[in-house]
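Engineer: I have a structure I would like to understand better, so I am pasting it below and will then ask my questions one at a time.
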Amino acid sequence: MTENLVVELAERLADPAALAARVAAAETPELARTRSLWHAQSLADGHAGVGLLFATLAHGEPGYAKVAHAHLSAAVTGARRPLREGLYAGLPAVAFAARTAVTRPGEYGGLLSQLDSQTALLARRLVEEDAPRVAAGTAGASMAGYDVVAGLSGLGRLLLAAGPEHRGTTELVLAHLVALTRPVTTPDGRRVPGWWTADPILYSEPAGIPGGHFNVGLAHGIPGPLALLSLAHRAGVRVPGQEQAIRTIAEWLLARRSPDGAGWPNVVPMEAESTAAAGGRPELAEARTGWCYGTPGVARALQLAALALKEPEWNREAIGAVAAACRPGGVPAFGDPTLCHGLAGFATIVSLMAREPGGAELTVHVAELTDRLVSVADPAHPFLWAAVEPGDSGVVHRPGFLDGAAGAALALRFATTPDAPSGELPWQAALLLC
């Protein structure tokens, strides 16, 4: 059943021109919303993200390589680069999919050489833009400057995979993230961790949080830099202060779990940070259980730190938090089946963590998650799995990776066949999970 669903979705997404035309036609309200999100060079909703599905499948079924190539071609042919580029938008998104598609030495060599250079240029620009603020010790980090989706954590993961040719830029990114962990002084005179931000959590809420906040989500918060610093450390790519930066973030996260010790909040407001800094346990409840925000994403980043620095207690804490999130008798009731904040992301994280040292207790939950992911697939939907936006009762038919059906299919395949070949750059690296 599992394999049949992945194959069926692949058949529905195989023709890039037909897929783009269907999204553009928006014959239903559910597809109309997708049209506004679609961009050829998007890893979330575009040919780059759909191509990632076929790039992964091609390592086990060579016939899919041509389809992956077709989507990559559609992503770069006649497509305008978005105004803001990062791992999930623009040339870096295409670069990630292309690197995942490599099945033999030298494949996509010319394309990757160009795309990697553009990614390195973007990363250096982000560092240069923020360097004066960091050097002056001025508070106010930009989430989009350092996060996974648009910032240095995501670009740094791609550069880490690019290898020695871009080692210098990778180290520049790591050094900047290390500097992000140094204390700064806020406009009102408080001494706080360097990742304090006055940014709003959502662009739809421009007023932000009074006093600023510390973002705790893997997608947009400090777990992203923690994951990259830890992955680079394990890969032998290290800069001065990196180990201490990992410890600083890991210990900060462990001290800011919910009062019952089970999970992490979306953000830590300034008032709660003052309580925690004084040795108290602020009243911060988990607001979401997903990859982007909530316990699963934070716990995986903490586990990566534990593995990098050989801290078994951190690993036990991370695994225990995810085991608690699974809850006795069943996993949380997810309304959305996709990777970002839904069932697919949770299943992927549990599957990965279960395979690490000490993770055996999570294995029992993988089958349940897999069954749930299969049960919510509906052949009546154009892409089998329909996305549900947070706080939205309606569905959206999204074919892409982060919030769409391609990501759900990849999660299902990994949960059921974790040893299936996936190439040198696994698709989960786009989530900073490996």
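The values are calculated or read from the model by the stated rules, or taken from the named source; none is laboratory data. Values in this document were obtained by computation on a predicted structure and should not be read as measured data. Heads up, the Cβs are rebuilt from the backbone with ideal geometry, glycines too, and the neighbour counts pull from every protein chain shown. Each accessible area value is taken on the protein alone, full model and side chains, heavy atoms only, with ligands, DNA and RNA left out. Shrake-Rupley method; radii C 1.70, N 1.55, O 1.52, S 1.80 Å.
Engineer: With springs connecting C-alpha atoms under 10 Å apart, model the chain as a Gaussian network and identify which of Ser113, Ser230, Ser351 has the largest mean-square fluctuation.
Structural biologist: Among Ser113, Ser230, Ser351, the largest mean-square fluctuation in the Gaussian network model of the chain belongs to Ser113.
Engineer: Separate question: Is the shape of segment 238-369 rounded, prolate or oblate, going by the alpha carbon gyration tensor and its root eigenvalues a ≥ b ≥ c, with a/c under 1.5 for rounded and a/b larger than b/c for prolate? Intermediate results must be reported in sequence, preceding the final value.
Structural biologist: On the way: a/c = 1.86, a/b = 1.26, b/c = 1.48.
Because a/c hits 1.5 or more and a/b fails to exceed b/c, segment 238-369 counts as oblate.
Engineer: If only Cα atoms are counted, what is the Rg of segment 260-318, and what is its Dmax, in Å?
Structural biologist: 12.4, 33
Engineer: Compute the separation of the alpha-carbon centres of segment 295-347 and segment 110-171 and state it in Å as a whole number.
Structural biologist: Taking the Cα centre of each part, segment 295-347 and segment 110-171 sit 27 Å apart.
Engineer: Enter the angle in degrees (range 0 to 90, nearest 10) between the Cα long axis of helix 167-179 and the first principal axis of the Cα atoms of the chain, meaning the one along which they spread out most.
Structural biologist: 40
Engineer: About its Cα centre, what dipole magnitude does segment 234-285 give when the only charges are +1 on Lys and Arg Cβ and -1 on Asp and Glu Cβ, stated in debye to the nearest 20? If you can, show how the numbers build up before the last one.
Structural biologist: Details: 6 positive and 6 negative charges, 61 e Å.
In debye, rounded to 20, segment 234-285 gives about 300.
Engineer: Sticking with the crude label model, points 7 Å out along Cα→Cβ, report the distance from Ala198 to Ala360 in nm, one decimal please.
Structural biologist: That separation, rounded to one decimal, is 5.3 nm.
Engineer: Using mean Cβ contacts within 10 Å as the protection proxy, how do 297-306, 20-29, 262-271, 231-240 order, highest first? Don't skip to the end; give the middle numbers.
Structural biologist: Values: 297-306: 28.9, 20-29: 14.2, 262-271: 21.0, 231-240: 16.5.
Taking the mean over residues of other Cβ atoms within 10 Å, the ranking is 297-306, 262-271, 231-240, 20-29.
Engineer: If R0 is 41 Å, what FRET efficiency do you get for Thr138 and Glu107 from their C-beta distance, rounded to 0.05? List each step's numbers first, then the result.
Structural biologist: Working: r = 45 Å, r/R0 = 1.10.
The value I calculate is 0.35.
Engineer: Using only Cα atoms, find the angle between the long axis of helix 363-375 and the longest principal axis of the chain, and express it within 0 to 90 degrees, rounded to the nearest 10.
Structural biologist: The angle comes out at about 50 degrees.
Engineer: Calculate how steeply helix 2-13 sits against the longest principal axis of the alpha-carbon atoms of the chain, using the helix alpha-carbon long axis, and give the answer as 0 to 90 degrees to the nearest 10.
Structural biologist: Between the helix axis and the principal axis of the chain, the angle is about 80 degrees.
Engineer: Search the structure for amide H atoms under 5 Å from the amide H of Gly86, placed 1.01 Å from N in the peptide plane, and list their residues when 5 or more places away or on another chain.
Structural biologist: Ala93
Engineer: Hey, rough spin-label estimate for Glu165 and Arg35, points 7 angstrom out along Cα→Cβ, what's it come to in nanometres?
Structural biologist: Here the answer is 4.0 nm between the modelled labels.
Engineer: Let me ask something else about it. Stokes-Einstein at 10 °C, 1.306 mPa s, Kirkwood radius from Cα pairs: D for segment 93-177 in µm² s⁻¹?
Structural biologist: On the way: Rh = 13.4 Å.
The Stokes-Einstein estimate is 118 µm²/s.
Engineer: With an 8 Å cut-off on Cα pairs and a minimum separation of 6 or more residues, tell me the relative contact order of the chain in percent. Numbers along the way, then the final one.
Structural biologist: Values: 821 pairs, mean separation 74.2, N = 434.
Averaging sequence separation for qualifying contacts and normalising by length gives 17 percent for the chain.
Engineer: Put a dot 7 Å past each Cα toward the Cβ at Arg281 and Arg124; how far apart are the dots in nm?
Structural biologist: The two pseudo-label positions are separated by 4.9 nm.
Engineer: Taking the Cα centre of each part, how many Å lie between segment 214-274 and segment 173-203?
Structural biologist: 12
Engineer: Hey, another quick one. 222 nm [θ] for the chain, helices only, -39500 (n - 2.57) per DSSP H run of 4+, per residue, to 500? Present the calculation step by step, with values, prior to reporting the outcome.
Structural biologist: Working: 18 runs with 222 residues, N = 434.
Result for the chain, helices only: -16000 deg cm²/dmol.
Engineer: OK, next. Under 17 Å from a point placed 7 Å out from the Cα of Leu309 along the Cα-to-Cβ direction: which residues of segment 242-267 have their backbone N that close?
Structural biologist: 242-257, by backbone N distance to the label point.
Engineer: Continuing with this model, one more query. How many percent of the alpha carbon pairs in segment 1-96 exceed a separation of 20 Å? Intermediate results must be reported in sequence, preceding the final value.
Structural biologist: Values: 1639 of 4560 pairs.
Percent of Cα pairs beyond 20 Å in segment 1-96: 36.
Engineer: With a 1.4 Å probe and every protein chain kept in, tell me what percent of the accessible surface of segment 29-110 is carbon plus sulfur. Please report the intermediate quantities before stating the final value.
Structural biologist: Details: 1850 of 3310 Å².
C and S atoms contribute 56 percent here.
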